[in-house]
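So the structure is just underneath, and the comments pick up after that.
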Amino acid sequence: VLASGLVPRDQLTDCESSLGGSANEERLLDLLVERRLLTKWQARQIQAGRTTGFFLEHYKLLAPLGAGGMGQVFRAEDTQLGRQVAVKVLPRRRATPEMVQRFRREALAALRVQHENIVRTFELGQQDNTHFLVMELIEGTDLHRYIRKKGKLSVRETARIGGEVARALEHARERGIIHRDIKPSNI
């Protein structure tokens, strides 16, 4: 836990002390999660022996949110601004020069658009050989899951969503950006 940099020594010692003689690795990790010093995902990673890769610059990775063609997206904490963000990481194993160029091109395009119906992009970063993109964290679900859960949408709701998507796409097009992967799971 100390090697991960996620929990300061004094807080770890306090948790160990509160467990007394019943302290073991599993109980300690459970207590750290209960006290919100670790997320469940971080605890599982530490339990599996992983002690690095929890930070990208000042962004602390909290839990995976999903994965796509360009990498994995994590819920993260911006430790400088005290807010939660989404961080898309290009996996090192996929970081060929062509993929890095494509990832950077996507990121630079995202940085050019600012629209209420488009996730805001804050930063393009690189730490050693890891390339990442920091974005606004949107709570909720994507349109694909929403429709699966709710079923058929009303005409009014369909028109509202369609209008929002159309305005977002028009905004992007005006800035020379063509999305190329519009589908319910990306909305």
Dividing the surface of the Cα convex hull of the range 68-187 by four yields a projected area in nm² of 8.5
To the nearest Å², the heavy-atom accessible area per residue of the range 1-153 with 1.4 Å probe amounts to 61
Quotient of Cα radius of gyration and Kirkwood radius for the range 65-108, i.e. Rg/Rh, equals 1.04
In deg cm²/dmol, rounded to the nearest 500, the helical mean residue ellipticity at 222 nm of the chain, built from -39500 (n - 2.57) for every DSSP H run of length 4 or more, is -12000 deg cm²/dmol
Listed residues Gln42, Gln72, Gln11; largest mean-square fluctuation, Gaussian network over the chain with Cα springs below 10 Å, found at Gln11
For the range 1-126, the dipole about the Cα centre with charges only on Cβ (Lys and Arg +1, Asp and Glu -1), to the nearest 20 debye, works out at 620
Per 10 angstrom bin, beginning at 0 and ending with the bin that holds the maximum distance, the Cα pairs of the range 1-80 fall in percents of 17, 49, 25, 7, 1
With x for Gly and Pro, the residue-by-residue ³J(HN,Hα) of the range 7-20, computed from phi through the Karplus equation 6.51 cos²θ - 1.76 cosθ + 1.60 at θ = phi - 60° and given in whole Hz, is 10, x, 3, 5, 6, 5, 4, 4, 5, 4, 5, 5, 7, x
Under the Karplus relation with 6.51, -1.76 and 1.60 and θ = phi - 60°, whole-Hz ³J(HN,Hα) for the range 22-34, x at Gly and Pro, equal 8, 5, 9, 4, 5, 5, 5, 4, 4, 5, 4, 5, 4
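Looking at the range 8-63, which trypsin sites (Lys or Arg not before Pro) are in a loop (DSSP not H, G, I, E or B) and have at most 14 other Cβ atoms within 10 Å? Can you show the working numbers first?
Details: sites: Arg9, Arg27, Arg35, Arg36, Lys40, Arg44, Arg50, Lys60; in loops: Arg35, Arg36, Arg50.
Listed in order of number, the matching sites are Arg35, Arg36, Arg50.
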Across Ile118, Ile138, Ile147, the residue with the highest GNM fluctuation in the chain (Cα network, 10 Å cutoff) is Ile147
Sparse-neighbourhood loop hits (trypsin sites (Lys or Arg not before Pro), the range 93-187; DSSP loop; Cβ within 10 Å at most 10 others) -> Lys152, Arg180
Expressed to one decimal in nm², the mean projection of the alpha carbon convex hull of the range 107-157 is 5.3
Taking alpha-carbon centroids only, the range 92-116 lies from the range 143-180 a number of Å equal to 22
FRET efficiency (Thr158, Arg50; Cβ distance; R0 35 Å; to 0.05) is 0.20
Along the dipole axis of the chain (charges at Cβ: +1 for Lys and Arg, -1 for Asp and Glu; origin at the Cα centre), the most positive-end residue among Leu153, Leu19, Pro97 is Leu153
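The values are calculated or read from the model by the stated rules, or taken from the named source; none is laboratory data. Here the structure is a predicted model, which is why all the values come from computation and not from measurement. No Cβ is skipped: glycine too gets one built from the backbone with ideal geometry, and neighbour counts run over all protein chains shown. For the accessible areas, the whole protein counts, side chains as well, though only heavy atoms, and no ligand, DNA or RNA atoms are used. Shrake-Rupley method; radii C 1.70, N 1.55, O 1.52, S 1.80 Å.
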